[in-house]
Amino acid sequence: MFVNRMPRYEILSPDAMAVLDSGWRRLMTEVGVEFASPRALALFKRAGQPVEGEVVRPDPDFVLEQVAKAPREFDVRARNPARSLHIGGDHMAFGAVYGPPFIREGEVRRDATMDDFRRLAMLTQTAPSLDSAGGVICEPNDAPLDSRHLDMVHALQTLTDRVYMGNVVSGENARDTLEMSAILFGGRAAIEETPVTISLVNCNSPLRWDERMLDAQFEYSAAGQPVVLTPFLLMGAMSPVTVPSALVQQITEALAGIALSQLIRPGTPVIFGSFLSNIDMQSGSPCFGTPESATGLLCTGQIARHFGLPFRSGGSLTSSQTPDAQAAYEGLMTMLPTFLAGANWVMHAAGWLEGGLVASYEKFVIDLQLLDMLQQEFTPLEIDEASLAFGAHEEVGHGGHFLGAAHTMERFRTCFYRPFLSSSQNYERWTKNGAHDAAARAAVIARTRIEEYEPPPLDDAVGAELAAYVARRRTELGD
């Protein structure tokens, strides 16, 4: 887990924050937020908030009272204690791509399979800079729809020893995730004492939380498991085209969802979610790695800290169809402000391609390289007598070189970051070795890491109980 102690880059003035604060209060009370869930509406009514049909127009001060109950920081337990996470503050945690129905491997673009899901989980396990495989690393289209969540959660629990994300397709799927988590961690009381999974609950923007997502939220929040309450805003489609209006909508939607979580279980952990970009106004296609999305990301970090909440944003996002130069620069355009803003929970940190429709093995490795380098870049310098190297100057003197100096010889193996993907060979050697570009080299690294993967140890009895649960539930679901 990376601790980012660098100063946060903030671009909103106090006056700008005041305008945004006035804006979300007005949107909350005059337009309101729709909750397509009788249980959610009943909780707001019981709390004395105005409800008309499925639209709630809560008092902003009431919303802030609920938001204040959520912890500023919290821990999430992993199967391997060394991989447990602290969410909030200066801590940044990174997870793999989430949700693609397609896979790109080399020149082939195809439907994702359960084998792909497992291989990507294995690839995550080999990556020191990733903290989580995420949840739906890809959508395995060859597995039965009603029961594939069982196989996905089981793969995350057994092929990795890291924090994983719960299934949110339905309340029933969320209950299965919780039951399997209780088996893995020693019972329901144990997972309620310290959460073990993080789940993504998306708003159906604009201003609507739908029933299926809310059913999952009820299950996870009632069990004390953190949920990432995320407005899904593509400016021009799901929000107005201006960044300030999108920010106001984002605050309104997120705080309404967070307030509900606290009505379900006061003090339950939450993460202020943000997924903010824009569409191409000529084609209507989503765009990623844009200047507007970077600006929105930086603002979101400042806004989340204003409300005292950990936040999710960022990733290595791109609209490119292949792991090419566009994929790299758009990914950096999102990942760099992710670090500058200090996002606490970063989804889509590796593997995202083609607007999130595709998980790419090559892009996965390229993103890992980028993530490694940014983590190195954002590690504060240690400045002391040894790093000042005055003795090296005494040894070398004027007009010499430091290649053979004692200071250099003591540190040459570790003094500079060594990329695992980049090539610094001269042209002749690079040509002799096959003239492979970054994508081709990444493909080799992905295959090698998966071939050399070793599963993390798991107690045999726990493994057997998990497998039995999956088999029983698959039968009950009719597959």
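The values are calculated or read from the model by the stated rules, or taken from the named source; none is laboratory data. None of these values were measured; they are calculated from a predicted model. For neighbour counting, all protein chains shown are included, and Cβ atoms are generated from backbone atoms with ideal geometry for every residue, glycine included. Each accessible area value is taken on the protein alone, full model and side chains, heavy atoms only, with ligands, DNA and RNA left out. Shrake-Rupley method; radii C 1.70, N 1.55, O 1.52, S 1.80 Å.
Which residue, of LEU247, LEU276, is buried (at least 19 other Cβ atoms within 10 Å of the Cβ), in a helix (DSSP H, G or I) and hydrophobic (A, V, I, L, M, F, W, C)? First the steps, then the outcome.
On the way: LEU276 fails: in a helix (DSSP H, G or I).
So the residue among LEU247, LEU276 that is buried (at least 19 other Cβ atoms within 10 Å of the Cβ), in a helix (DSSP H, G or I) and hydrophobic (A, V, I, L, M, F, W, C) is LEU247.
Looking only at residues that are out of contact with any helix residue (DSSP H, G or I) (no Cβ under 7 Å at 6 or more places or on another chain) and closer than 30 Å to LEU130 by Cβ in the stretch 1-22, which one is surrounded by the fewest Cβ atoms within 10 Å (Cβ to Cβ)?
Out of the qualifying residues, it is PRO7.
Filter the stretch 49-59 down to residues that are open to solvent by less than 30 Å² (accessible area, probe 1.4 Å) and in contact with an Asp or Glu (Cβ under 9 Å, 6 or more places away or on another chain) and give me whichever is farthest from SER293 (Cα to Cα). Spell out the reasoning first.
Initially, the stretch 49-59 is screened for residues open to solvent by less than 30 Å² (accessible area, probe 1.4 Å), giving 49, 56, 58.
With the extra rule that they be in contact with an Asp or Glu (Cβ under 9 Å, 6 or more places away or on another chain), the set shrinks to 49, 56.
Values: GLN49: 34, VAL56: 29 Å.
Step by step, filter the stretch 49-59, then rank; the result is GLN49.
I want to confirm something. Restricting to the stretch 395-414 and keeping residues that are outside any loop (DSSP other than H, G, I, E, B) and of a type in the set (D, E, K, R), which single residue is most open to solvent (accessible area, probe 1.4 Å)?
Quick first cut of the stretch 395-414, residues outside any loop (DSSP other than H, G, I, E, B) only: 395-396, 406-411.
Filter again for of a type in the set (D, E, K, R), leaving 395, 410-411.
Details: GLU395: 101, GLU410: 134, ARG411: 77 Å².
Residue satisfying both the conditions and the ranking: GLU410.
Residue-wise test of (1) open to solvent by 10 Å² or more (accessible area, probe 1.4 Å); (2) assigned to a strand (DSSP E or B); (3) touching a residue at least 24 places away in the same chain (Cβ under 8 Å).
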{"site": "ILE271", "(1), (2), (3)": "no, yes, yes"}
{"site": "GLY284", "(1), (2), (3)": "yes, no, yes"}
{"site": "THR295", "(1), (2), (3)": "yes, no, yes"}
{"site": "THR300", "(1), (2), (3)": "no, no, yes"}
{"site": "ALA304", "(1), (2), (3)": "no, no, yes"}
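Please go through the stretch 429-479 and give me each residue that is closer than 20 Å to ASP367 by Cα, outside any helix (DSSP H, G or I) and free of Cβ contacts under 8 Å to residues at least 40 places away in the same chain, ordered by number.
HIS436, ASP437
Could you please find all residues in the stretch 315-336 being in a loop (DSSP other than H, G, I, E, B), open to solvent by less than 10 Å² (accessible area, probe 1.4 Å) and not hydroxyl-bearing (Ser, Thr, Tyr)? Explain how you work it out, then say what you get.
If we filter the stretch 315-336 for residues that are in a loop (DSSP other than H, G, I, E, B), which is where we start, we get 315-324.
Okay, now just the ones that are also open to solvent by less than 10 Å² (accessible area, probe 1.4 Å), so 315-316, 318, 320.
Across the stretch 315-336, the qualifying residue is only GLY315.
Among residues belonging to the stretch 159-195 that are closer than 18 Å to ASP215 by Cβ and in a loop (DSSP other than H, G, I, E, B), point out the one that is most open to solvent (accessible area, probe 1.4 Å).
By that ranking, first place goes to VAL169.
Can you tell which of TYR427, TYR469, TYR417, TYR453 is among the aromatic types (Phe, Trp, Tyr), surrounded by 10 or more Cβ atoms within 10 Å (Cβ to Cβ) and either more than 30 Å from GLN157 (Cα to Cα) or out of contact with any helix residue (DSSP H, G or I) (no Cβ under 8 Å at 6 or more places or on another chain) (or both)?
Working: TYR427 fails: surrounded by 10 or more Cβ atoms within 10 Å (Cβ to Cβ); TYR469 fails: either more than 30 Å from GLN157 (Cα to Cα) or out of contact with any helix residue (DSSP H, G or I) (no Cβ under 8 Å at 6 or more places or on another chain) (or both); TYR453 fails: either more than 30 Å from GLN157 (Cα to Cα) or out of contact with any helix residue (DSSP H, G or I) (no Cβ under 8 Å at 6 or more places or on another chain) (or both).
After ruling out the rest, the residue left standing is TYR417.
So in the stretch 337-378, with the set limited to residues that are outside any helix (DSSP H, G or I) and β-branched (Val, Ile, Thr), which one is farthest from PHE288 (Cα to Cα)? Explain how you work it out, then say what you get.
Looking only at the stretch 337-378, we keep the residues that are outside any helix (DSSP H, G or I), and these are 342-353, 357-360, 378.
Checking the rest, the ones that are also β-branched (Val, Ile, Thr) come to 346, 358.
Numbers: VAL346: 15, VAL358: 14 Å.
Step by step, filter the stretch 337-378, then rank; the result is VAL346.
Quick one: in the stretch 125-158, which of the residues that are assigned to a helix (DSSP H, G or I) and touching a Ser or Thr at 6+ places or on another chain (Cβ under 6 Å) is surrounded by the fewest Cβ atoms within 10 Å (Cβ to Cβ)?
Taking the stretch 125-158 as the starting set, the residues that turn out to be assigned to a helix (DSSP H, G or I) are 125, 148-158.
With touching a Ser or Thr at 6+ places or on another chain (Cβ under 6 Å) added as a condition, the list becomes 125, 153.
Working: GLN125: 20, VAL153: 25.
Among those residues, the one meeting the criterion is GLN125.
Return the only residue of ARG46, ARG39, ARG25 being closer than 17 Å to GLN249 by Cβ and open to solvent by 40 Å² or more (accessible area, probe 1.4 Å). Explain how you work it out, then say what you get.
Working: ARG46 fails: closer than 17 Å to GLN249 by Cβ; ARG39 fails: closer than 17 Å to GLN249 by Cβ.
ARG25 is the lone residue from the list that is closer than 17 Å to GLN249 by Cβ and open to solvent by 40 Å² or more (accessible area, probe 1.4 Å).
With the condition kept exactly as written, say whether any residue in the stretch 71-87 is open to solvent by 10 Å² or more (accessible area, probe 1.4 Å), without any contact (Cβ under 8 Å) to a residue 60 or more places away in the chain and out of contact with any Phe, Trp or Tyr (no Cβ under 9 Å at 6 or more places or on another chain).
yes
Mind checking which pairs have a first residue in the stretch 10-23 that is in contact (Cβ under 8 Å) with a residue 24 or more places away in the chain and a second that is hydroxyl-bearing (Ser, Thr, Tyr) and open to solvent by 40 Å² or more (accessible area, probe 1.4 Å), Cβ under 8 Å, 6 or more apart or different chains?
Hits for this filter: ILE11/THR295.
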